[in-house]
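Step one of this worksheet: look at the structure below.
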Amino acid sequence: MHLGNVFCALLSWLSARSRNGRWLLRIEDLDPQRSRREYAMQLMDDLQWLGLPWDDTPVWQSQRSDIYAEYLSRLTDMGLTYPCYCTRADIMATQAPHETDGRVVYRGTCRPRSGTDNSKWHDGGTCNMPHNAPAATRLMVPDRVIPFRDGHYGDHNLNLAIHCGDYIVRRRDGAWAYQLAVVVDDALTGVTEIVRGRDLLLSSPQQIHLRELLFPPTATDSEAIRFTHHPLLCNATGQRLCKRDKSMDIGYLRACGISPQEITGQLAYLAGLVPEPLPMTPAELLPHFSWDKVPRKDICMTKRTE
């Protein structure tokens with residue numbers, strides 16, 4: 001974990017606890033090439049060390065393939081999925097439009113032209129890639145605006161066809177895509193608030209639409225899911241914190257003898273929750289928490305926590 005991860009964990013923990021809610025831990029280990037169990041175990045140890053205990057048993061996404069397959073089958077039965085043979089390089093080469101955050105908007109090269117009849121998939125699109133290659137699975141999105149209110153950044157109205165395009169729900173290597181897995185897990189584990197960095201803000205309308213397809217709201221639903229995004233922590237050069245920022249890594253900070261209270265107190269100060277960067281535990285920060293105090297612009301920090 002680096003401080004950007006901890007910043008997100010701290011804010012989400014405080015947001016849940018301030019409403020007397022549960023804080024759930026999910027291990028998003030979908031990518032077999034990048035995910036290792038020892039990384040997840042270290043993450044859990046870091047959270048405990050920081051004073052951020054979770055509720056219930058952690059959910060390991062790598063153990064839920066059968067569940068995701070069931071819900072993908074439902075989408076396929078609705079006639080909303082199709083195989084996509086395009087690689088990212090292919091999409092980039094065709095000068096696909098880009099969003100301001102750098103994401104590629106898929107232009108529907110493999111999307112069937114004439115309805116959703118499976119027999120027409122390979123004949124209806126304009127893709128020139130060989131169809132004997134492994135294929136990803138994409139979900140068709142509607143050409144309509146998805147309105148939503150973010151808990152920190154306010155109202156948004158995004159058209160999925162314009163801002164996103166048909167997106168992948170299962171990769172060509174068989175790994176489950178983030179969007180499908182988190183929507184299924186959020187619904188099945190009773191999540192009512194999602195807290196994450198503002199770089200994922202545009203994922204919200206995709207997940208709202210996908211949730212409507214798989215888990216249609218009923219008259220008995222007591223609370224709609226709430227999305228709350230926070231500003232990103234940036235390094236001294238103004239770039240978002242990442243694993244390359246070794247001096248911001250929790251393992252490094254622990255080895256340097258910096259206490260967990262110093263870290264959470266400093267992050268609370270950067271979040272605008274307290275006027276000074278004094279050592280404080282997450283529990284001690286609860287009376288100070290309010291989303292109204294958190295800035296909306298990204299936060300630059302030096303390479304030292306004191």
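The values are calculated or read from the model by the stated rules, or taken from the named source; none is laboratory data. Everything numeric here is computed off the predicted structure, so don't read it as measured data. Note that each Cβ is placed from the backbone with ideal geometry, even for glycine, and that neighbours are counted across all protein chains shown.
Here are some notes:
- Matching residues, the range 250-291, being under 20 Å from Y153 (Cα atoms) and either basic (K, R) or in contact with a His (Cβ under 9 Å, 6 or more places away or on another chain) (or both): A268, A271, L273, W291
- When residues of the range 1-53 are limited to those that are more than 17 Å from the chain's Cα centre (by Cα) and aromatic (F, W, Y), the one nearest to Q239 (Cα to Cα): Y39
- Scanning the range 146-159 for residues that are farther than 16 Å from K293 by Cα and within 17 Å of the chain's Cα centre (by Cα) turns up F148, R149.
- Screening I194 against (1) assigned to a strand (DSSP E or B); (2) under 23 Å from P32 (Cα atoms) leaves a single unmet condition, (2).
- Positions within the range 172-190 being buried (at least 17 other Cβ atoms within 10 Å of the Cβ) and part of a loop (DSSP other than H, G, I, E, B), in sequence order: A175, A177
- Residues of the range 26-66 that turn out to be in contact (Cβ under 8 Å) with a residue 60 or more places away in the chain and either in the same structural domain as V184 (by TED's automatic domain parsing) or on the phi < 0 side of the Ramachandran plot (or both), as a count: 14
- Taken together, the residues in the range 44-68 that are surrounded by fewer than 17 Cβ atoms within 10 Å (Cβ to Cβ), out of contact with any strand residue (DSSP E or B) (no Cβ under 8 Å at 6 or more places or on another chain) and in a helix (DSSP H, G or I) amount to 6.
- Residue count, the range 1-42 (criterion: in a helix (DSSP H, G or I) and either in contact with a Leu (Cβ under 9 Å, 6 or more places away or on another chain) or under 22 Å from P231 (Cβ atoms) (or both)): 16
- Test result for H156, modelled with pLDDT of 95 or more, surrounded by 15 or more Cβ atoms within 10 Å (Cβ to Cβ) and part of a strand (DSSP E or B): yes
- Residue that is surrounded by the most Cβ atoms within 10 Å (Cβ to Cβ) [pool: residues in the range 256-272 that are touching a residue at least 60 places away in the same chain (Cβ under 8 Å) and over 19 Å from W49 (Cβ atoms)]: A271
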